[in-house]
Amino acid sequence: MITMIRYLDELLDERGRRHLRVMLAAQAGQGILQGLGFLLVAPLVTTLTTTPPDWSRFWLWAGAIAAAVAAHHALLAWSTSLGYVVGTDVLTSLHERLGNHLATLPIGWFRGDRTGPIGRMLGKGTMDVANIPAHLLRHVVVGLTAPATMIVGSFLLDWRIGAAFTAGALLCAPALRLLMAIVRRNDDDYDHDIGVSASRIVEYARQQPTLRAYGVLDRPELGTLEESLIRQQGSQSRLTIRGAWGMIAFFGTLQLVVTAVIALTVDLTLNGSVSLPVMIGVLVVTLRMLDPLSQLGELAGTVQINADAIGRVRALLAVPPLPEPAEPAEPDGTAIELSGVRFRYDDAGSGGSTVLDGIDVDIPAGSFTAVVGPSGAGKSTLLKLLGRFFDVTEGSIRIGGRDVRELGSAGVSRLTAQVFQDVYLFEGTIADNLRMAAPDATDADLDRVARIARLDEVVERLPDGWDTRVGEAGSTLSGGEKQRVSIARALLKDAPIVLLDEATAALDPANEAAVADAIAELARDRTVIVVAHRLSTVVAADHILVLDHGRIAERGDHDSLLAAGGTYARFWHERLRARGWQLTPALRAARDRGPGGHDAGVPAGDGLQPARRERPL
């Protein structure tokens with residue numbers, strides 16, 4: 001609890017800290033008054049058992065009890081209202097701190113599998129933390145201070161009963177800690193699994209065309225959504241069942257202690273060691289002590305879950321942001337230099353393996369550089385480092401003679417425009433998505449870049465034109481149309497360096513031609529680095545870098561690399577063979593007839609055959 005209070009104190013401003021301390025003091029006073037109110041029952045009963053009854057002392061103790069109850073209720077109302085104020089302050093502070101911190105994290109940190117956990121943390125996680133001062137702290141503080149007051153006061157009634165209460169508290173404390181430890185161990189697994197399920201649900205909704213095309217909807221064993229839901233169900237069951245056993249252990253210990261104290265009190269009364277009024281007072285204290293302790297036991301699991309939420313929020317806030325210079329440097333041109341660049345991912349999922357190992361390359365300003373190589377060679381990682389999605393593990397990347405760490409993330413962003421295969425468009429209109437690159441762009445600016453990217457063809461055939469809403473993630477547009485929007489956005493930004501990663505890899509011929517024309521326009525008077533598999537893109541480059549296992553295996557232009565007969569030449573010939581296959585008329589006819597046709601088979605040697613091509617391009 002002390003850790004939770006300390007973290008809440010860190011989150012709040014001075015006004016919020018003052019409210020938190022006053023609230024805790026009021027709650028502690030509430031618990032003390034509750035304990036005193038029940039302890040005063042013993043002297044009150046004593047005044048009634050004297051012969052004759054001492055009515056003056058009776059009204060004195062009755063007034064003391066009434067005053068304690070009135071003060072308790074006043075503190076209850078005050079601390080409850082302060083709890084809501086502090087909870088609101090904590091929620092506001094958390095959203096502000098998390099939002100500001102997420103904006104400083106490396107872009108590459110935001111992987112797809114983190115979407116669900118981050119969304120859950122910003123929603124339920126922050127509410128769990130804010131719920132601590134708003135609802136939970138009062139029960140926890142009162143659940144500790146009220147029994148503690150009654151235990152201390154029981155020594156005034158009889159030291160043996162006080163010792164029995166103390167021994168019982170020492171037995172209940174480990175049982176309570178055991179319950180919270182069980183919840184803590186299993187809540188981490190449950191929260192992880194529910195975050196994964198949230199990510200899979202988003203993926204399931206967005207990938208419906210692919211899932212239906214391959215029949216995965218009818219074969220749930222092939223999908224990850226059902227697997228993640230099964231794991232979530234299992235972790236939830238473990239949390240519930242094991243938590244129930246922990247509660248049984250705590251409440252069983254509590255009942256044992258209460259029974260033992262009552263038996264001891266009755267025995268001492270029968271032996272004449274304790275008077276009847278004291279016994280009545282002890283019984284009242286014992287039975288009333290059950291209420292705050294029972295609430296504490298019932299809320300222990302919730303307290304631990306909220307404490308775990310604090311731990312996850314703190315872990316996110318502990319993710320180191322990219323270091324930013326106090327005064328960003330200004331580059332001298334747009335030439336790019338990579339010197340001794342090594343990079344490895346630090347997250348557990350990557351195993352810490354080195355992705356790029358000793359990259360040395362100079363990219364002149366205004367040049368067109370293509371990066372090719374097998375899958376996993378580090379091509380996309382290289383572009384992300386150039387865009388400062390991450391910082392290099394070793395070595396340096398310079399733009400215009402300045403290290404990107406000296407330029408800062410904002411400086412690198414200002415210098416670069418990035419176009420990737422997986423285009424993300426925000427909910428809004430086509431014009432809104434373009435103006436993200438240049439908020440002050442005029443309609444004439446939009447029309448100019450639309451013509452270059454051939455986005456004007458898309459805008460003209462849409463009923464609402466520029467005001468057409470693209471839907472979440474651009475769901476109302478095709479892949480080629482989204483890519484044209486992305487190219488137009490890059491053109492509108494007018495950055496001197498353009499980074500393209502597989503920009504035409506999954507497009508149909510018409511969209512590929514449109515995007516290729518736009519890329520050619522982007523390459524004019526700009527430094528362009530493109531990861532490409534398309535032959536036309538590769539052959540048009542001024543420089544070609546061949547990556548293999550994180551190293552530059554070859555470099556040069558198309559003719560020299562082809563003549564060298566190395567990795568690039570093999571890549572080139574493989575692409576030619578892949579590009580040179582086509583469906584012959586016989587196979588088309590068989591395909592059109594389908595499985596129920598009269599001629600479903602394809603004669604040997606007549607089907608998928610190499611196309612006749614004089615030149616590869």
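The values are calculated or read from the model by the stated rules, or taken from the named source; none is laboratory data. All values derive from a computational prediction rather than experimental measurement. Neighbour counts run over all protein chains shown; Cβ positions are idealised from the backbone, glycine included. Please note that ligands, DNA and RNA were not included when accessible areas were found on the heavy atoms of the full protein model with its side chains. Shrake-Rupley method; radii C 1.70, N 1.55, O 1.52, S 1.80 Å.
In the context of the full set of protein chains, residues of segment 95-145 present 44 Å² of accessible surface per residue (probe radius 1.4 Å, heavy atoms only). At an R0 of 35 angstrom, the distance between the Cβ atoms of residue 25 and residue 472 translates into a FRET efficiency of 0.15.
How much length, in nm to one decimal, is gained on full extension between residue 127 and residue 245, taken as 0.36 nm per residue of separation minus their Cα-Cα distance?
Details: separation 118, 0.36 × 118 = 42.48 nm, distance 2.72 nm.
Residue separation times 0.36 nm, minus the Cα-Cα distance, leaves 39.8 nm.
Taking Cα centroids, how far is segment 364-379 from segment 52-89 in Å? Their Cα centres are 75 Å away from one another.
With a cap of 15 neighbouring Cβ atoms within 10 Å, and only residues DSSP puts in a loop, list the trypsin sites (Lys or Arg not before Pro) found in segment 1-46.
Passing both the DSSP loop test and the Cβ count: no residue.
Entry for segment 266-315 at q = 0.23, 0.24, 0.26 Å⁻¹: log10 I(q)/I(0) = -0.81, -0.84, -0.88, Debye formula applied to identical alpha-carbon scatterers, no solvent contribution.
For segment 64-173, trypsin sites (Lys or Arg not before Pro) meeting the loop criterion (DSSP other than H, G, I, E, B) and having at most 13 other Cβ atoms within 10 Å: 111. Here, segment 1-142 yields an orientationally averaged convex hull projection of 10.6 nm² when only Cα atoms define the hull. Residue 466: accessible area at probe 1.4 Å, nearest 10 Å²? About 50 Å², ignoring ligands and nucleic acids. With the convex hull constructed from alpha-carbon coordinates only, segment 30-96 shows a mean projected area of 4.6 nm² over all directions. Only the Cβ atoms of Lys and Arg (+1) and of Asp and Glu (-1) were treated as charged; on that basis the dipole of segment 1-155 about its Cα centre amounts to roughly 220 debye. Solvent-accessible surface (1.4 Å probe) assigned to residue 464 amounts to roughly 100 Å².
Given axes a ≥ b ≥ c from the Cα gyration tensor, I'd like to know whether segment 291-448 is rounded (a/c under 1.5), prolate (a/b larger than b/c) or oblate. In terms of gyration-tensor shape, prolate. Per residue, segment 244-320 exposes 44 Å² of accessible surface when a 1.4 Å probe is rolled over the protein heavy atoms with every protein chain present.
Computed with a 1.4 Å probe over protein heavy atoms only, the accessible area of residue 20 comes to about 0 Å². Between segment 306-322 and segment 120-173, what's the alpha-carbon centroid distance in Å? Their Cα centres are 27 Å away from one another.
Could you sort out which of 384/482; 124/482; 379/482 sit more than 30 Å apart by Cα distance in this structure?
As for pairs spanning more than 30 Å Cα to Cα, those are 124/482.
To the nearest 20 debye, what charge dipole does segment 310-385 have about its Cα centre, counting +1 at the Cβ of each Lys and Arg and -1 at the Cβ of each Asp and Glu? Don't jump to the answer; show the numbers that get you there.
Numbers: 6 positive and 10 negative charges, 119 e Å.
Charge dipole, segment 310-385, about its Cα centre: 580 debye, nearest 20.
Summary value for segment 73-148: 58 percent relative contact order, contacts being C-alpha pairs under 8 angstrom separated by 6+ residues. In this label model, residue 10 and residue 66 are separated by 4.9 nm, measuring between points 7 Å along each Cα→Cβ vector. Rolling a 1.4 Å probe across the protein heavy atoms gives segment 1-80 an accessible surface of 53 Å² per residue. For an R0 of 22 angstrom, estimate the FRET efficiency from the Cβ-Cβ distance between residue 77 and residue 17 and round to the nearest 0.05. Rounded to the nearest 0.05, the efficiency is 0.50.
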